[in-house]
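Notes follow the structure.
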Number of protein chains: 2
Amino acid sequence: MAEVKLLETVPIEPIMIAQEAIHVPHKNDPPRLDIDHITPLVGDGRYNVKRTIGDVVRVECDILIEGHEAVGAAVLWRPADSEAWRRVPMSVIVNDRWHGEFQLNRTGQFYYCIEAWRDEVASFQHDLAKKIAAGQKVDLEVAEGDLLLERVETAAKSGQDSGAATILHRVRQRLKTVPSAARQQFYCSTEFHQALQAADIRSFVSRSNIIPVWADRYAARFSSWYELFPRSQSESPTRHGTFADVEKRLPALQAMGFDTLYFPPIHPIGRVNRKGKNNSLVANSDDPGSPYAIGAEEGGHDALHPELGTLEDFKKLQDAAHRHGMELALDFALQCAPDHPWLKSHPEWFSWRPDGTIRYAENPPKKYEDIVNFDFYAEAAIPGLWHALRDVVLFWCEQGIRAFRVDNPHTKPFPFWAWLIPEIQSKYPDALFLAEAFTRPKTMYHLAEIGFSQSYTYFTWRHTKPELEEYLVELTEEAPRDFFRPHFFVNTPDINPYFLQTSGRPGFLIRAALACTLSGLWGMYNGFELCEATPIPGKEEYLDSEKYQLRHWDDKAPGNIIAEISQLNRLRRENPALHSHLGLRFHRASHDQIIYYSKSTPTMDNVLLVAVNLDPINSHVADIEIPLWLWKLPDTGSLEATDLINARRFIWAGKNQRIELSPQGSPYAIWRIRPARKQ
Amino acid sequence: MAEVKLLETVPIEPIMIAQEAIHVPHKNDPPRLDIDHITPLVGDGRYNVKRTIGDVVRVECDILIEGHEAVGAAVLWRPADSEAWRRVPMSVIVNDRWHGEFQLNRTGQFYYCIEAWRDEVASFQHDLAKKIAAGQKVDLEVAEGDLLLERVETAAKSGQDSGAATILHRVRQRLKTVPSAARQQFYCSTEFHQALQAADIRSFVSRSNIIPVWADRYAARFSSWYELFPRSQSESPTRHGTFADVEKRLPALQAMGFDTLYFPPIHPIGRVNRKGKNNSLVANSDDPGSPYAIGAEEGGHDALHPELGTLEDFKKLQDAAHRHGMELALDFALQCAPDHPWLKSHPEWFSWRPDGTIRYAENPPKKYEDIVNFDFYAEAAIPGLWHALRDVVLFWCEQGIRAFRVDNPHTKPFPFWAWLIPEIQSKYPDALFLAEAFTRPKTMYHLAEIGFSQSYTYFTWRHTKPELEEYLVELTEEAPRDFFRPHFFVNTPDINPYFLQTSGRPGFLIRAALACTLSGLWGMYNGFELCEATPIPGKEEYLDSEKYQLRHWDDKAPGNIIAEISQLNRLRRENPALHSHLGLRFHRASHDQIIYYSKSTPTMDNVLLVAVNLDPINSHVADIEIPLWLWKLPDTGSLEATDLINARRFIWAGKNQRIELSPQGSPYAIWRIRPARKQ
């Protein structure tokens, strides 16, 4: 307060703006009709709203005009390869909020905007109807209707709009036969409104900014990934696996219900500073090294590790995968082993130290001696390096690959991704990019804004009911819902979650059920189905990690959960409500270890209830509320439910129900529900 | 799902974008540093952020860069009459959120934006310090420091920055004397960072859009309005009051603590279709008519009603008001009586009917025969009418008026206000506009966005605790907080609230206390202090409304609440926490008729607690929680409290307290609180 007094008592010159800076009045600038608070919208329209083919885009906005004037509005939309806007009429929801919708019938770039205008005819009709209802004399209003009609016909004629002029002329001719007392009814009619619509007398047209929408293929929101190291797929733990060995596993993976088979890098592995078993600094001569140390004398990012096979072998595997209903996803890791060919051919793309040595990757005080990063901003790196990296992606696209898991994208410049992804998708609109960024939340979201199709998440570290609910509400109800597609991996070669290290088999079932039902995208890394979780003691890492050595997996091992995963993936395919993380609602369950939610499609033609016991040790009982209100049913209403785990059908009568979930039986339950038919 | 399958099985051409539409890569476009989610911001920067002189603007934003690069950022701000940006450094709050602040030291137009850049030196120092801490060898890093210093000095020299070059040269000379082992410490030092700052080696500078801020004078957020009809201010109910009569009331109004005296229109009143008492269609010859029927042969909007006095009398009243610490506020009602001079001189500004008669104001089926509206969009109305209306406001500004209550602004075009208000404020930055819009919520907010300084609200219709809390949270915590200043009128000539019609005296005290403490702006209309509430039966209107006849008010009437209002206004002046609706927090009170909240200044140097019993009939008791947490005190802490109503000071020990409020005593309590000093 002292400061304010000081400022008020000292004479201070106000800020004067030069008079010529003021605009002359203009009747529609700023527009008479204000269009604001448009949804969906990402980054105020700087980034794409993300959708998939077939999606109906529901557009909403506020439209304001002074007084009681009537308003008309439309959504205008178009694919990027057409200049012609399609128009969809909008209608009012409530309190100046409008909506309209259009369907994305192709993949690729779309645009939409909103147009609003003063509907002079509707205003006129609205007032006239009120006066007639109040029994007032409306002779003058009818005369005004005549004048309006005449004015519009004249305008149509002078505007060469012969179609509209003809319609209006016909209307006026017909009106001459209408008895004078009935004319007031005519002017209230839809016929009158439509006749004038034909002439397009929209005035004070206001148009919003243009908002971009990207339509991905369906797999962008619904797919089930399986990750494996091809080199570990031979029958013997000592023989290096090949693409042919992977081929043999396809029937089993298909039977488990996976549709995307993802490999860590399959390129030649550097020999300089190669890491040994368990990330040791010195490798034995027979250690295969980390596949993330990309590049050796055999080639770089567009070559294949010779021990895996040739490009021909790779394409044979790809064809076989397609025959098994699966696509391949590759790892795009932007880094080099010190013996990657580019260090010699393009030393200008890297960072060198004062003593002439190469700068290794590091995250002080950690050092990664087998890896060298690119210097994206080196003098000679733009466009050379950026083009070369793009060409790597294009090369694999040309081989038929359309899904790329990108390693650590958050340590590469945003402008690089904002350029690279559209550059690829302009040629391959069906290319998908999954961001493997485990970093601070805003950076994860920003990568999705600038183009990544899917994103790794914090799911792996969310275990309690409040943690899961809070995170999923953020993903499904807040801003990210329009641009961030969460890919729920239950484990990765880098993450052996603490929870699974001690949970035993029930914990694996719990995490699989959560991932499979909470998100349209889920993934697991080889070994999860065998409940493998042996850690480096005290660390969130696997002992004897496949990143540094060959492993052998026995998918007949006792206690595996292959049957359960197969069932979950089948339920996912059969129930469209599970094809997206959206459509999620949490419901009340009385026990804090039992999480309980519904998933539904936008049209409510597929609605599931899911309950999961988060405790891998103890059985728990919870009182739950059946969401009868979803169909506006009373608390005494009934739902027809199908228990999808054991295929039992029954009737749930009344809102309050009780369930028990046992980790030793099935720690989760999934029901398909719908209103019970009247008996 | 059926639709999706259809789309996926029919071969559909994806949308291909022409290759030339793709950008060539650019290292900083889009910017390497992403600046987003800036606050404060109104309408994405299309409208002014609203503040008052002396306010500290706290700016926040997210700033992102890839990886672990260090970032620097500053708020740049300037008044509109200077091209030179002032810079204020920003600092991190948490999780990539930054903040900085600047003070508005004048009234008028300001701008700010945010600049962020890569801080190469901090990145270097950060990594170096970590390596030293880990005991690693840093010879190469020290050599890199040498090279960095040399590179920057060379750049400073070639950039003719002799100041920086000198500093850097001096640093390098001094470094030669530093023993080699100590150099690594030097490169971690603030001295090194500052030396390089002098040379401004900020790289990848990214700048946000420019955001406008308008600084009003202090009365825009803190003032107490009293509304009266000058014509009712004579000592006799039969004699028409004059400006001289109003002058006699100034001491009493000053004593009551008001600082703004607002008159409904004081212009000549039309005689054509003049309304009689209680809005009757036919007026007697001695009926004065509604002052909102502006204009007669004596003049229009820039003339004074002859019976009130001359312009000289008006200016004499204005001078007297200033001497009594009050300013005058006029009514700006954009409408005419049918005999307003403009109907003859500018028939082209109005709407005429097919039979040659003028179109009266109406809101079908209601008609207002004594009023004619302007046709803002008539062919010849722009710029003529718009300029004429602006000139009316300029005329009154020239007479010294700086506060305008605008009648029904929501029925006039938005582009008109968006042009008029800046047009006036460019000449008179201290001019204030109060929007009297009672309409749908989004329109009320939009009027504030496009320029109105203050706004009437729904306060008059919010009576219960949940209603009040919900509305005030919307006003003080959501988007409107940055552009909408709520003016809480307890009554107006148009609104005789139902609540007051039956509440008796305690109801008037309740409403006054709520308005006085919830908003920096409150107002009452003559008669409220006398607890006048006689309605037209069943309506929210006053019987024998002053809008249509002379009234006489006896401010000695028994049961008046003049003493209480005087005290409330004094407490408002003395406590800066009451100078704004912001700084409001609702706290828990166990009774649903007792509303309980704190108000505080941003610096917490003035903190009040307020409790109001909303029931005008019964006493109620409530358990309340004292907000010890505001000062991070434990639940067992103590506050020193001063009861401002009866000037008693005491100690509140412990979080849980109990209060009783009696409508027959004082239905409200106000305490000033602060942490108790240690004994």
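Below are the figures for this structure:
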{"quantity": "Among beta bridges that DSSP assigns inside the protein assembly as shown, antiparallel share in %, nearest 5", "calculated": "75"}
{"quantity": "Accessible-area composition of the range A:277-325, carbon plus sulfur, in percent [1.4 Å probe]", "calculated": "48"}
{"quantity": "Of all accessible heavy-atom area on the range A:204-276, the percent that carbon and sulfur account for (1.4 Å)", "calculated": "57"}
{"quantity": "Two-site label geometry, B:Gln103 and A:Gln173: point separation in nm, points 7 Å out along Cα→Cβ", "calculated": "7.9"}
{"quantity": "Percent breakdown of C-alpha pair distances by 10 Å bin, ordered from the shortest bin, for the range A:504-573", "calculated": "17, 47, 30, 5"}
{"quantity": "Unit charges at the beta carbon, dipole of chain A: most positive-side option, A:Leu64, A:Ala329, A:Ala182", "calculated": "A:Ala182"}
{"quantity": "With all protein chains modelled, accessible area of A:Arg151 [1.4 Å, Å²]", "calculated": "130"}
{"quantity": "Normalised convex hull volume, the range B:435-576, alpha-carbon set, Å³ per residue", "calculated": "129"}
{"quantity": "Stokes-Einstein D (µm²/s) once Rh is taken as the Kirkwood radius of the range B:90-159 over alpha-carbon pairs, at 4 °C in 1.567 mPa s", "calculated": "81"}
{"quantity": "Loop-resident sites, the range B:319-406, for trypsin sites (Lys or Arg not before Pro), counting at most 14 other Cβ within 10 Å (DSSP)", "calculated": "B:Arg359"}
{"quantity": "Dipole magnitude of chain B, debye to nearest 20 (Cβ charges: Lys/Arg +1, Asp/Glu -1, about Cα centre)", "calculated": "1980"}
{"quantity": "Taking all pairs of distinct alpha-carbon atoms in the protein assembly as shown, Kirkwood radius in angstrom", "calculated": "36.7"}
{"quantity": "Axis-nearest residue in chain B [Cβ, rotation onto A], distance in whole Å", "calculated": "B:Asp44, 3"}
{"quantity": "Lys, Arg +1 and Asp, Glu -1 on Cβ, resulting dipole of the protein assembly as shown about Cα centre, debye, nearest 20", "calculated": "1740"}
{"quantity": "Accessible surface, 1.4 Å probe, highest first, among residues A:Thr460, A:Thr39", "calculated": "A:Thr39, A:Thr460"}
{"quantity": "Amide hydrogen neighbours beyond the local backbone of A:Val272, cut-off 5 Å, H modeled", "calculated": "A:Asp339"}
{"quantity": "Other-chain or far-sequence residues with amide H under 5 Å of B:Phe350's (modelled H)", "calculated": "B:Asp375"}
{"quantity": "Å³ per residue enclosed by the Cα convex hull of chain B", "calculated": "292"}
{"quantity": "Delta accessible area of at least 30 Å² on complex formation, residues of the range A:215-255, 1.4 Å probe, chain isolated as reference", "calculated": "A:Tyr218"}
{"quantity": "Exposure of B:Met444 as accessible area (Å², to 10), given a probe of 1.4 Å and all protein chains", "calculated": "10"}
{"quantity": "Estimated buried accessible area (total), pair A and B, 1.4 Å, Å² to nearest 100", "calculated": "8300"}
{"quantity": "Ratio of the Cα radius of gyration of the range A:332-385 to 2.2 N^0.38 Å, where N counts its residues", "calculated": "1.09"}
{"quantity": "Heavy-atom surface of chain B, accessible at 1.4 Å and reported per residue (Å²)", "calculated": "41"}
{"quantity": "Peptide A:418-430, shielding by other chains (average Cβ, 10 Å cutoff)", "calculated": "4"}
{"quantity": "At least 10 Å² of accessible area lost relative to the chain alone, listed for the range B:54-87 with a 1.4 Å probe", "calculated": "B:Gly54, B:Asp62, B:Leu64, B:Ile65, B:Glu66, B:Gly67, B:His68, B:Ala80, B:Asp81"}
{"quantity": "Label zone at A:Glu369 (point 7 Å along Cα-to-Cβ), backbone N below 17 Å, the range A:268-292", "calculated": "A:270-290"}
{"quantity": "Cα pair distances in the range A:555-595, grouped into 5 Å bins until the bin that holds the longest one, percent each", "calculated": "5, 17, 14, 15, 20, 17, 7, 4"}
{"quantity": "Under 5 Å, built H, 5+ apart or other chain: amide partners of A:His305", "calculated": "A:His267"}
{"quantity": "Accessible area in the full protein assembly, largest first, 1.4 Å probe, for B:Arg231, A:Arg51", "calculated": "A:Arg51, B:Arg231"}
{"quantity": "Whole-percent carbon and sulfur share, accessible surface of the range A:52-117, 1.4 Å", "calculated": "49"}
{"quantity": "Where Rh is the Kirkwood radius over Cα pairs, Rg/Rh for the range A:49-143", "calculated": "1.15"}
{"quantity": "Pairwise Cα inverse-distance average, inverted: Kirkwood Rh of the range B:169-277 (Å)", "calculated": "22.0"}
{"quantity": "Cβ-vector label at 7 Å, B:Arg202, separations to other copies in nm", "calculated": "4.4"}
{"quantity": "Within chain B, percent of DSSP bridges classed antiparallel, to nearest 5", "calculated": "75"}
{"quantity": "Inter-label distance, nm, simple model (7 Å from Cα along the C-beta direction), B:Glu83/A:Ile210", "calculated": "3.4"}
{"quantity": "Solvent-accessible area of B:Ile93 with every protein chain in place, 1.4 Å probe, in Å² to the nearest 10", "calculated": "80"}
{"quantity": "Positive-end residue of A:Ala134, A:Asn105, A:Ile35, charge dipole of the range A:29-176 with Cβ unit charges", "calculated": "A:Asn105"}
{"quantity": "Vicinal HN-Hα couplings computed from phi for the range B:524-537 (Karplus, 6.51 cos²θ - 1.76 cosθ + 1.60; Hz; Gly/Pro x)", "calculated": "9, 9, 2, x, 4, 5, 9, 6, 6, 7, 5, x, 5, x"}
{"quantity": "Solvent exposure, largest accessible area first (probe 1.4 Å, DNA, RNA and ligands not counted), of B:Ile201, A:Ile561", "calculated": "B:Ile201, A:Ile561"}
{"quantity": "Shortest-first distances to equivalent copies, position B:Arg239, nm, label 7 Å out along Cβ", "calculated": "12.0"}
{"quantity": "Position A:Arg585, label points 7 Å along Cα→Cβ, spacing to each other copy in nm (shortest first, one decimal)", "calculated": "3.5"}
{"quantity": "Of A:Lys275/A:Lys344; B:Lys277/B:Lys556; A:Lys131/B:Lys412; B:Lys248/B:Lys599, pairs whose Cα-Cα distance is over 32 Å", "calculated": "B:Lys248/B:Lys599"}
{"quantity": "Relative contact order, percent, chain B [alpha-carbon distance under 8 Å, six or more residues apart]", "calculated": "10"}
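The values are calculated or read from the model by the stated rules, or taken from the named source; none is laboratory data. These numbers were taken from a predicted model, which means no experiment stands behind them. Note that we place each Cβ from the backbone using ideal geometry, even for glycine, and neighbour counts take in every protein chain shown. Keep in mind that these areas ignore ligands, DNA and RNA; they rest on the heavy atoms of the full protein, side chains included. Shrake-Rupley method; radii C 1.70, N 1.55, O 1.52, S 1.80 Å.
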